[in-house]
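Undergrad: Sharing a structure, written as structure tokens. Questions coming.
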Amino acid sequence: MAQKSKGKEGLILAAIAVCLVALIAVGVKIVSNFGKSDSQISRESAMSQLTKELKKIDVETIPPRKATVEISGGNLAEELPDIEQYPLSVHGYGDINIEIFSSTEKSSGGTDGWLNEVAENFNDSHYEINGRWVTVSVRPIASGAAIDYIISGKYVPQVYTPSNTLWGDMIAAENVTIEMVEDRLAGNTTGILIDKDTYKEIEAAYGAVNSSTIIEATIKSEISMGYTNPYASSTGLNFLINALHEFDAADILSDKAVEQFQKFQANVPFVAYTTLQMRDAADSGVLDAFILEYQGYYNATELRDYEFVPFGVRHDSPVYAIGELTADEKDLLTMFVDYCLTDANQKLAKEYGFNYLEEYQSVDLGGISGATMLSAQKLWKTEKDSGSPVMAVFVADVSGSMGGVPLQELQSSLINASQYINDTNYVGLVSYSTDVAINLPIDQFDLNHRSYFTGAVQDLSPGGNTATYDAVLVALDMLMEAQSKVEAETGQKIKPLLFVLSDGETNIGNSLGDIRDIVEGLEVPCYTIGYNANLDALAELSAINEAASINADSDDVIYNLKSLFNAQM
């Protein structure tokens, strides 16, 4: 009997162990697919569910009014937040100190903290010039944001070390005093990450896998590729210039280059607002290929299932002096650069993922000027949606909890940032509290419609509960109806988007769980902007279809919305 009892106990323990393993496996699956349902329903089923849910929602239509529209083109210095939105990663307190704007892959900490470690060691070494202690301060800031501060004059450091030389050329084109001090602080390249199966397919079809064949395969709809906003991202800018150069090496702004770029863009699902958004899309299977620096690839061991295909100019972190430095500041900068280039610090750089792929040589761009690159950014903004306009509904929370500063900030940031929406795109506005209101029907965002949009946003007033997901359903219905109509009338393929601006505290009506299948089945990305918000709730909505979520509590909301609209609108 004792033996039978022990055998039975063993079977029970084994069964428990199996159940625990299964539960752990399920838990990992849930975490790895945050925001996703187990099985996506069809578009037809999603539309059917949407129609059913809409019958339960009260919707009011509010006639919009026209308001004066600012057409000044924006004031960059006013849009930029206080520089402390980008805090120093290294503080220098020497008798002589210079501040360095540094690209984030080498100064934001952790595996991206090489320059921080070098700077701290330099400062602790108590070097002197003419008997005075010298130090450096490091401010991590994306290269695109950095040149906005420098060009606008709102905040200008003594030193700038972006990822690549393209940014320096563009600054020089804006008549800012800039001098290259060193062309390479630490070696790096940027590349296209492509999954191994797709790599083999391209190699078999084209005989080689490089940026040229990957771009050609994208144009032919053989693969799906994504990249980042070239106004903000060094890899995105590098890819844009490289692609245009592929299309026409003699003139990257020619009609031929533009025509090929339009064909390429027609097969790009989206341009990512952030690298994280792009990687999430790749993880979910939306993308076969995306761009990333080698240093980031080196540190992201989970990306080893991708092949790294280098392209464009190298990302060797050049160093520039900005403005008129004093003699002591120049000597300090030279001293620090020499310190970075010592064998010990270059060995340290390799531990952080730099100084690999040394055999790769930059593409010869044939002397493309900084002014031409600035024009290429503008070309990208106007042509990235050619043939496929974006149709967006803004969903604004006007519940009682948004009263006061949050709603005021929502109104001002949305109106100010709307100037970065292309006039070929389509825009509508929905607001919500306890019930839902259509404040502006969807129409093309020309000056007339923008005037109505401005008036509708200005007239928003707070009060009531928060029916966020009811409003999302109403906005989706508007999108589906207008998309179908415009596509039938114009023959263009429309890209639908939602922008939800809220504090994230839903307390009435549908829940996220109630509408998740509809949002996923219709495949509409929902970008969320949180004002004094429950950011986790908003991020979960955005995660359903690989959109981004922004914290709008800080004073950089207009600048962030500008970047978001540049990428998506």
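The values are calculated or read from the model by the stated rules, or taken from the named source; none is laboratory data. Computed from a predicted model, the values in this text were never measured in an experiment. Here the Cβ positions follow ideal geometry from the backbone for every residue, glycine too, while neighbour counts run over all protein chains shown. Side chains included, ligands, DNA and RNA excluded: accessible areas come from the protein's heavy atoms. Shrake-Rupley method; radii C 1.70, N 1.55, O 1.52, S 1.80 Å.
Undergrad: Starting from the residue with the highest accessible area, list Asp470, Asp124 in decreasing order, probe 1.4 Å.
TA: Asp124, Asp470
Undergrad: Mind listing the phi-derived Karplus ³J(HN,Hα) values for the stretch 183-200, rounded to whole Hz, using 6.51, -1.76 and 1.60 with θ = phi - 60°, and x for any glycine or proline?
TA: 8, 8, 9, 7, x, 7, 9, 10, x, 9, 8, 9, 5, 4, 5, 5, 4, 5
Undergrad: Find how much the distance from Leu447 to Asp124 grows on full extension, using 0.36 nm per residue of separation minus their present alpha carbon separation; answer in nm with one decimal.
TA: Here the segment from Leu447 to Asp124 would lengthen by 110.6 nm.
Undergrad: Given a 1.4 Å probe, how much area per residue of the stretch 457-569 is accessible, in Å²?
TA: 33
Undergrad: Here is a follow-up. Suppose the chain between Glu78 and Asp343 were pulled fully straight at 0.36 nm per residue; how much longer would it get relative to their current alpha carbon spacing?
TA: Going from the current span to full extension adds 91.1 nm.
Undergrad: Go through Lys52/Lys562; Lys154/Lys495; Lys66/Lys493; Lys200/Lys378; Lys66/Lys485; Lys66/Lys495 and tell me which ones have a Cα-Cα distance over 32 Å in this structure.
TA: Going by Cα-Cα distance, Lys52/Lys562; Lys154/Lys495; Lys200/Lys378 fall outside the 32 Å limit.
Undergrad: Mind checking the alpha-carbon convex hull of the stretch 307-441 and giving the volume per residue in Å³?
TA: 289
Undergrad: Further question on the same structure: Bins of 5 Å, beginning at zero and ending with the bin holding the largest distance: percent of Cα pairs per bin for the stretch 67-174, please.
TA: Taking all Cα pairs of the stretch 67-174, the binned fractions are 2, 12, 20, 19, 17, 13, 8, 4, 2, 1, 1, 0, 0 percent.
Undergrad: Per 10 Å bin from zero, what fraction in whole % of the C-alpha pairs of the stretch 445-569 is there, up to the bin with the longest pair?
TA: Reading the bins upward from 0: 12, 39, 39, 11, 0.
Undergrad: Which aspartates and glutamates have a Cα lying under 12 Å from the Cα of Lys256, excluding residues fewer than 8 positions away in the same chain?
TA: Partners within reach: Glu246, Asp248.
Undergrad: Here is a further query. Could you give the nm distance between label points at Asp328 and Met180, where each point is 7 Å from its Cα heading toward the beta carbon?
TA: Roughly 3.0 nm, to one decimal.
Undergrad: What is the distance in Å between the Cα centroid of the stretch 365-435 and that of the stretch 314-352?
TA: 38
Undergrad: A further question follows. Ranked highest first by average number of other Cβ atoms within 10 Å, how do 425-437, 191-203 line up?
TA: 425-437, 191-203
Undergrad: Same structure again: Below 14 Å, Cα to Cα, which aspartates and glutamates can Lys55 reach? Residues fewer than 8 away in the same chain don't count.
TA: The reachable aspartates and glutamates, counting only those whose Cα sits under 14 Å from Lys55, are Asp435, Asp470, Asp477.
Undergrad: Taking only Cα atoms of the chain, what ratio of Rg to Rh do you get with Rh as the Kirkwood inverse-distance radius?
TA: Reported Rg/Rh (Cα atoms, Kirkwood Rh): 1.01.
Undergrad: Sort Ile151, Ile98 by heavy-atom solvent-accessible area, probe 1.4 angstrom, most to least.
TA: So the residues, ranked largest to smallest area, are Ile151, Ile98.
Undergrad: Averaged per residue, what accessible surface does the stretch 321-440 expose to a 1.4 Å probe, in Å²?
TA: Normalised by residue count, the accessible surface of the stretch 321-440 is 38 Å².
Undergrad: Take every Cα pair under 8 Å in the stretch 421-545 that's 6+ residues apart, average their separations, divide by the length, and report that relative contact order as a whole percent.
TA: Normalised by residue count, the contact order of the stretch 421-545 is 21 percent.
Undergrad: With contacts defined as alpha carbon pairs under 8 Å and 6 or more residues apart, what's the relative contact order of the chain in percent?
TA: 19
Undergrad: Same structure, new question: For Ala300 and Lys66, calculate 0.36 nm times their separation in residues minus their Cα-Cα distance, and state this gained length in nm to one decimal.
TA: Going from the current span to full extension adds 79.2 nm.
Undergrad: Let me ask something else about it. Among Ile214, Ile508, what's the order by accessible area (1.4 angstrom probe), most exposed first?
TA: Reading off the accessible areas and sorting them downward yields Ile508, Ile214.
Undergrad: Carbon and sulfur together cover what percent of the accessible area of the chain at a 1.4 Å probe radius?
TA: Carbon and sulfur together cover 49 percent of it.
Undergrad: Separate question: Long-range amide H contacts for Ser137: which residues qualify at under 5 Å (H placed 1.01 Å from N, peptide plane, sequence gap of 5 or more or a different chain)?
TA: Residues meeting the criterion, in which the H sits 1.01 Å from N, are Gly92, Ile98, Glu99, Ile100.
Undergrad: Along the Cα→Cβ direction, 7 angstrom out, place labels at Ser511 and Gln361. What is the inter-label distance in nm?
TA: Taking the simple label geometry, Ser511 and Gln361 are separated by 6.2 nm.
Undergrad: Suppose we keep just the alpha-carbon trace of the stretch 154-233; what are its Rg and Dmax in angstrom?
TA: Final numbers for Rg and Dmax: 18.0, 52 Å.
Undergrad: Taking every pair of alpha-carbon atoms in the stretch 377-422, give the share separated by more than 18 Å as a whole percent.
TA: Value for the stretch 377-422 (Cα pairs over 18 Å): 47 percent.
Undergrad: By how many degrees, between 0 and 90 and to the nearest 10, does the Cα long axis of helix 512-522 differ from the longest principal axis of the chain?
TA: That works out to roughly 80 degrees.
Undergrad: Which loop trypsin sites (Lys or Arg not before Pro) in the stretch 449-548, with loop taken from DSSP, have no more than 15 other Cβ atoms within 10 angstrom of their Cβ?
TA: When the trypsin sites (Lys or Arg not before Pro) of the stretch 449-548 are filtered for loop state and at most 15 Cβ neighbours within 10 Å, Lys493 remain.
Undergrad: If one takes the longest principal axis of the Cα atoms in the chain, at what angle in degrees, from 0 to 90 and to the nearest 10, does the Cα axis of helix 43-54 lie?
TA: 60
Undergrad: Show that you can apply the helix-only estimate: for the chain, add -39,500 (n - 2.57) for every DSSP H stretch of four or more residues, divide by all residues, and state [θ] at 222 nm to the nearest 500.
TA: Result for the chain, helices only: -14000 deg cm²/dmol.
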